[in-house]
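Here, each number is a calculation from the coordinates, and none is a lab measurement. This structure is a prediction, so every number in the text was calculated from the model and none was measured. Note that we place each Cβ from the backbone using ideal geometry, even for glycine, and neighbour counts take in every protein chain shown.
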Amino acid sequence: MAARDGLSVTLPPAEASPEPTTRPSGPLLRVDGLSVSYGPNEVVTDVGFALGRGESLALIGESGSGKSTIARSVLRLLPRGGHATGRIEFDGQEVLGLSERRFRPLRGRAIGFVPQDPGNALNPVRTIGAQAEESAALLDGTDQALRTGRILETFAQVGLDDPRRVYDAYPHQLSGGMLQRVLIGLAVLPRPALLVADEPTSALDVTIQKRILDLLSRLRQDLDISLLLITHDLAIAAERADALVVLKDGLVQEAGRTAAVFASPASAYARKLHADVPALNPDRYAGLRAAGFRRLETGAAVPKIEVSAVTKTFTVDGMALTAVDDVSFTVRAGTTHALVGESGSGKTTTIRLLLGLDQPDTGDIRVAGEQVTGRSHEALRTVRRHLQLIYQNPFTSLDPTWKVEGLVREPLDRFRIGTRDERAVRVREALADVGLGEHLLARRPDALSGGQRQRVAIARALVLKPDVIVLDEPTSALDVSVQADIVEVLLTLQADLGLTYLFVSHDLALVRQLAHTVSVMHRGRIVEHGSVSDIFDNPRQAYTASLLAAVPSGIAERARWPHPRFEAVRNEACVA
Amino acid sequence: MSVVSLSSAVQAAPDRRSALRPRWSPLQMSPTVALALAIVTLVIAWSLAPHLFTSQDPVNGVPAHKLLGPSTAHWFGTDHLGRDVYARVVYGAASSVTSALIAVVIGVAVGGLMGLLAGFLGGWVDTVLARLVDILLAIPRFLLAVIVVTALGFDTVNTAIATGVSAVAVFARVMRAEVIKTRQATFVEASFLQGGSRWYVLWRHVLPNASRSVLTLAVLQFGLSILVIASLAFLGYGDPPPASDWGLLIATGKDYLRWPWLVYAPAFVTIATVLSLNRISRWLRETD
Amino acid sequence: MRNAYLRYAGIRLVQAVVVVLLAYLFTFVVVSILPGDPVTNVLRDPQNGFTEEQIKTIIAAQGLDQPISVQLWTSLSGFLVGDFGVSMRSTRPVTTLIAEVLPSTLILASAGLAVALLLAAAIAYGTQFLPKRLGQGIVRAFPSLFLSVPGFVIGLVLIHAFGFQLGLFRVIEPDSAWATVFAAVALGIPISAQIAEVLIANLDHESGQEYAAVARSRGLGRVRLFAKHLLKPSSLPVVTVIALTVGELLGGSLITETVFGRTGIGSLVQRSAAAQDLPVLQAVVSLAAVVFVLVNLIADLFYPLLDPRLKLVGGTERRPTSANESAAPAPGSVTG
């Protein structure tokens, strides 16, 4: 897999780039006073920025910030009902007002597009090759055989091992990482001057994410392409872009050269965003975490969860698949243990076994000394009273037909705890613990934001006063600023109540912020475990090291990929 | 010029969270939905208290006034026996609405229960019920209704029962699919983890979530049942005249095509009603 | 892959046979068990003028004096070899009766299906390519309107407008070309609505998909996007819908034939129902079930060959696996 890395592929010189000598002056893309609305709702308001030739610019924002809408406006691919006003100049020409017929030749040839979710970005009922031919058709004056040759060449260029097989394949036969390589290949094939990449890696695993970003950086240099990068991740933006535009609710909050914005953000929002990115603030919760570390050091923490030599095999399509292979770990009372791994590593299966939702083939699981494995449904109930789960996605873990009060009270009702009035009091206490007011009691999940929903889910888990809470990627469906709020709530509760957490995540930066001990899972096995500082500062396994290296760390990456014309462009900008 | 220009002032962004909408409000209702609701309400009112809407006699006509065209005195004209067609339509509403209601209740109760059990219990129950549904689907709906009404005997209530039987399969399929979808939802697993029993989860979580689609389908089927029952009445499987089911009115009118209002007036009422029900069903689906 | 398909085809075939047999059984049960008694209702009806002697002969010939289980066995074994017994009303073989009227109904049904397909395609095309106001506002309302009109009303309107007013055809010549065309239109309109609804929903869904936007970002125009990308995934599910409308075509023929005064299966059913001629009804229902199951079997067998996404595993369509990460990659897929 490593050998297939896009970086190891030698690239042909960018012979196809048109007239490199007579470069017109002025920025390649200039957006001025852009506003976009859907009916009465304005989602982008008076946004302006400019992207120089050969430069890269990142639009940063959380969900609802309008960043993707801006990208779609540049491509003039707004969904039905979207209406854009203002000016968008490409290569000195106003394009927002052009007729569709006159704008269309620019798409693909001059402006390429790399979408967010590679799994949905190719027609599922046509072969990759048939769709690649559409891109190749944009190359002028070549015959069919030549065009196919160029497609295969490009597939090799973007690091696809077996171009012929990819050409003949249907999209569902390729992995997400490969599809994203295909899409990048199709976008650069007609040699556009500008590439618009809309969250090109957010649907991918962290190690693949890094390879795709490296590939984009590489192609940009070799093919002389400008990049408009849309991302929610400040660290990625800082690593990969020359300039940043920070957006919130459709308004520009801050804009400028990456180094300047990153080092000293001027706007309150950019400062908060910077403070909320885990990768940039590994010690943010040091104070809240201290109690757990003390417990570990003094040996006061007794084992709360003991998983020993657990193995689980599934049969899928007649093939045996060992999802969890001889996994053992211990979580001590009052501490957070993180289970880290990419998708398919077996971490979700492990927690399903822990909760008794599946039974392991072999091995033993104990929670607070009580055996979980091999129990009846009734016997599991008593264990589960002290063992709660918070799900990844608060949009699916709350019954949409229930109100908040009923949702939080449900565990009390099921375990018949206290009188009616006592239950009502405990519901309000639990909501107060997670920072939600009583005015939300009568709301249904529909009327709550994502962060509020996850708080309701946490309140539901807390209301039984459990000792152990299993957190299955509890913030991965949320924006980074909401994630910071939720993490703060969780860590405060732990400091106050001495809760024990098993925290499942793929996000190493987040784990570094909040966990005490870590187990790294890979293909069903635990490859490494230890304290947070051991794992993060001195990883012993190559896999752990590669995971750590893939975490975007802000400015550091720029040193590794110095932009050849970066200096020149800056000078040009100063002169102008 | 700097490469990056800052054109919009940095300002406090409005809080878009406050814009989160409640599930629906009357103000958001589109005019077509409002019209549809008004029409359905009117038809229900006709069927509950027809005498409030017309003073004419639907059964005994005035022979001297036969086959008059629509006028202010007779909105829908008169028929071959001099009866007011509007009065006959209004008095026919009760029978048409009630029989459609019977059909839907049979479909929801029998089909819904079958789908619920098949989807929730799975295993052999699902297999057996799935085959039963396959059989019901294999026989053309209208033919099935004809067979059942032939076996039961010709009258309007029996056409309603037959229509209900022919709708069982559709409800069973939708309910089963919804139950299976809901059963796999995360919040159902969460409820198990909170100590909920199987039947508790079925009753409190699965059923409320699955019933939304069934409600939408029930409204749609209500309209469809009016059509099927009208067709059965048209073919003569319902009550004989002087009953004034809408389908029967049209059937009688077809022998007098020279006086087209005898067909068009009851047909127009039928179409308006069914169209309104379809619109309401669509609206329920959209606001989900 | 090939073995998986054969296995799937085999299982579908067995299921189809089982459903047909059970449908036969079900109809038998409905017509035999339910309260109405055809012997008293029909044979002893003074209008028919059967003597007691004749009634006895008919009862013996139909086997109505036998226990129910024997009757079922006789009937079922006859069905398996294509013998549906003898009509109670006319004492002629049921097979002959059906064979006489089947061609007329087949012509009507196929013409109706052709009308439905043309109309559905025109409506779907209109929603995509007509100017926005016309396409969105008017054409989109057609399916809903068509579904709200009783089938016989469409027929009556056509007869009134084209037969009476314009004189294009005469009601007393129901088998003339024009009469057949209008009957087919009356039959096809409600069915076109069902097909159009699915087609429009699919086109809307597919054109809103990310891949459509990405294809446009490669410089594709609307027409090429429609023809090369949207048409196939939108119309594939319509194959299933068309197969399902076979039942509607048969049911609709019943009404349309009555309205237009045509002879056919519909009029046969009408007469037999009125006379409670159970052998004929049983035969028509069984044949309808056979046709329906057969058409849907063919659609089911073709579908996986048309849609590359469907992988056949263990005789059933492979459902998308759950979000559970333990799911293995699909066999034959390339991992990267």
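A DSSP coil position with no more than 10 other Cβ atoms inside 10 Å describes the following trypsin sites (Lys or Arg not before Pro) in region A:34-123: A:ARG80.
Across region B:138-288, C-alpha contacts under 8 Å between residues 6 or more apart give a mean separation that, scaled by the residue count, equals a relative contact order of 25 percent.
Legend: mean number of C-beta atoms from other chains within 10 angstrom of residue C-beta atoms, peptide A:244-252, equals 4.
Only lysine pairs 8 or more places apart or on separate chains count here, and in chain A those with Cα atoms under 27 Å apart total 13. Here is what passes the span test in chain B: the DSSP H helices with alpha carbon length of 24 Å or more along the helix axis and a Kyte-Doolittle mean of -0.5 or above are B:31-48, B:85-106, B:156-183, B:207-234, B:261-286. Between the alpha-carbon centres of region A:492-509 and region C:270-288 there is a gap of 71 Å. First check a/c for chain B, with a ≥ b ≥ c the square roots of the eigenvalues of its C-alpha gyration tensor; if it is under 1.5, answer rounded, and if not, answer prolate when a/b is larger than b/c or oblate otherwise. Taking the square roots of the gyration eigenvalues as a ≥ b ≥ c, chain B is oblate.
If R0 is taken as 25 Å, the Cβ-Cβ distance between A:ALA424 and A:HIS377 corresponds to a FRET efficiency of 0.30. Sequence-distant contacts, meaning Cα pairs under 8 Å at least 6 residues apart, place the relative contact order of chain A at 15 percent.
Residue order for B:MET29, A:MET319, A:MET521, fewest other beta carbons within 10 angstrom first, comes to A:MET319, B:MET29, A:MET521. Between region A:166-224 and region B:125-144, what's the alpha-carbon centroid distance in Å? Distance between centres, Cα-based: 49 Å. Remark: spin-label model distance C:ALA227-A:ASP283 equals 6.6 nm, labels positioned 7 Å along the Cα→Cβ axis. Panel order for A:GLU153, C:GLU197, by other beta carbons found within 10 Å of each beta carbon, from fewest to most: A:GLU153, C:GLU197. The label point for B:ALA34 and the one for A:ARG102, both projected 7 Å from the Cα toward the Cβ, are 4.3 nm apart. Counts of other chain beta carbons within 10 angstrom of each beta carbon in peptide A:164-176 average 3. In this label model, C:LEU118 and A:ARG540 are separated by 7.9 nm, measuring between points 7 Å along each Cα→Cβ vector.
Assign one of three labels to the protein assembly as shown, namely rounded, prolate or oblate, based on the Cα gyration tensor with a ≥ b ≥ c the square roots of its eigenvalues; rounded applies when a/c is under 1.5, prolate when it is not and a/b is larger than b/c, and oblate otherwise. It is prolate, given that a/c is not under 1.5 and a/b is the larger ratio.
Let me have the relative contact order for region C:95-275, percent, based on Cα pairs under 8 Å that are six or more residues apart. Walk me through the numbers on the way to the answer.
Values: 189 pairs, mean separation 60.9, N = 181.
Relative contact order comes out at 34 percent.
What does the C-alpha gyration tensor say about the overall shape of region A:50-195? Classify as rounded when a/c is under 1.5, otherwise prolate if a/b is larger than b/c, or oblate. It is prolate, given that a/c is not under 1.5 and a/b is the larger ratio.
Between A:GLU528 and A:VAL520, the built amide H atoms are under 5 Å apart, and every one of these is 5 or more places off in sequence or on another chain. Rounded to the nearest 0.05, the FRET efficiency derived from the C-beta distance between A:ASP161 and A:SER308 at R0 = 56 Å is 0.90.
For the segment A:118-124, counting C-beta atoms of other chains within 10 Å of every residue's C-beta and taking the mean gives 6.
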